[in-house]
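Structure first, then comments.
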Amino acid sequence: MIRRVSIFAYGVASYAVFFATFLYAIAFVGGFGVPRLIDGPLEGSLAVALAVDLGLLGLFAVQHSVMARPAFKRWLTRAVPEAAERSTYVLASSVALLLLFWLWRPIGGVVWTVESPVARAVAYGVFAAGWTTVLVCTFLINHFDLFGLRQSWLALLDRPYTPLRFTTPGPYRVVRHPLYVGWFLAFWATPTMTATHLLFAVMTTAYILIAIQLEERDLVAAHGESYAVYRRRVPMLIPRLPRSEKGPATNPRTV
C-alpha cells in the first residue's frame, strides 16, 4: 500500500511541476509576468549567448525524444515502477524546460514589429489560440494519461494499466498533429519578433518536424496498418481543401 501511495504522490507532484512549467512557458514566450523572459538586450558575447541557447534547446530536444522512445521506456522501467514511467518523463521534461528558462540568454535585435493596435491584438489572439489548442488537444487524447496521472491513479487502486484506444477526435480528423499546430501558433504569433524569439521559433519548429517523424514511426510500429491508413488519409499539419466524397469518420489513435 505504501508503495502505491508513493507512486500516486510522485505522479501528482510531477504533474504539479509540469503545470507550473506550462504556465511559466506561456509567460516566458509571451513576454509578460515572470522574471525571466525570452526577449531582452544582449549581455556579453553574442557567440556565448547563441551557444548557451542552442545548447539548452538541444538538451530539451534530446531528453524529450530519447525518453519517449519505447526502447528507453523499457530500460527505464528496470529502475522505476512501470506506473511511474510516464510521470518520470513528464518531470524530466519539465526540469529541462525550467533549466532553459533559467539560463536562457536573450540576444536582442528586432526582426519585425507590428504597430497597428488591431494587428497586435490579432497576433496576441493567435498566440492565445495556440496555447489553448495545445491544452485542448491533450484533453481530447486523454490529458491525464498523457501526463502520467492515470497511470499513478490506477496503481493506487491496484488496477492494471490498460492502453488507450486509438481514436481521432475532433481536429485529429483534419490533421494528424493538431497539438503541434498549436505549438507553431504559440511560438510564431507575436507582434514583435526579436532575433532571440526567431531563434527559439526556428529551432523548436525544426525539432517538432523531426519529432513527428520519430513519433509516427512508433505509432506505425504499435498500430500497424490502422495508423498507416490514417496517415495516408489525413494530412500531417495543413488541412486539405474539402472534398465532395467522405472518408471513414474515425480511426484508432493513441499518444
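The values are calculated or read from the model by the stated rules, or taken from the named source; none is laboratory data. Just so it is clear, the structure is predicted and the values come from calculations on it, not from any experiment. Because the Cβ atoms are built from the backbone with ideal geometry, glycine has one as well, and the counts that use them run over all protein chains shown.
One table, with the values for the structure above:
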{"quantity": "Options Phe18, Phe22, Phe101, Phe8: the member that is closer than 19 Å to Leu135 by Cα, crowded, with 18+ Cβ neighbours inside 10 Å, hydrophobic (A, V, I, L, M, F, W, C) and at pLDDT 95 or above", "calculated": "Phe18"}
{"quantity": "Subset of the stretch 211-226 (residues that are of a type outside the set (Lys, Arg) and either farther than 21 Å from Pro70 by Cβ or under 21 Å from the mean Cα position of the chain (by Cα) (or both))", "calculated": "Ala211, Ile212, Gln213, Leu214, Glu215, Glu216, Asp218, Leu219, Val220, Ala222"}
{"quantity": "Qualifying residues in the stretch 47-73 (those that are over 22 Å from the mean Cα position of the chain (by Cα) and exposed (fewer than 14 other Cβ atoms within 10 Å of the Cβ)) - the one nearest to Phe147 (Cα to Cα)", "calculated": "Ala51"}
{"quantity": "Residues within the stretch 185-210 that are within 20 Å of the chain's Cα centre (by Cα) and surrounded by fewer than 17 Cβ atoms within 10 Å (Cβ to Cβ), tallied", "calculated": "5"}
{"quantity": "Any chance Val110 is of a type in the set (A, V, I, L, M), at pLDDT below 95 and touching a Pro at 6+ places or on another chain (Cβ under 6 Å)", "calculated": "no"}
{"quantity": "Residue within the stretch 85-106 that is in contact with a Ser or Thr (Cβ under 7 Å, 6 or more places away or on another chain), aromatic (Phe, Trp, Tyr) and within 21 Å of Ala186 (Cβ to Cβ) present", "calculated": "no"}
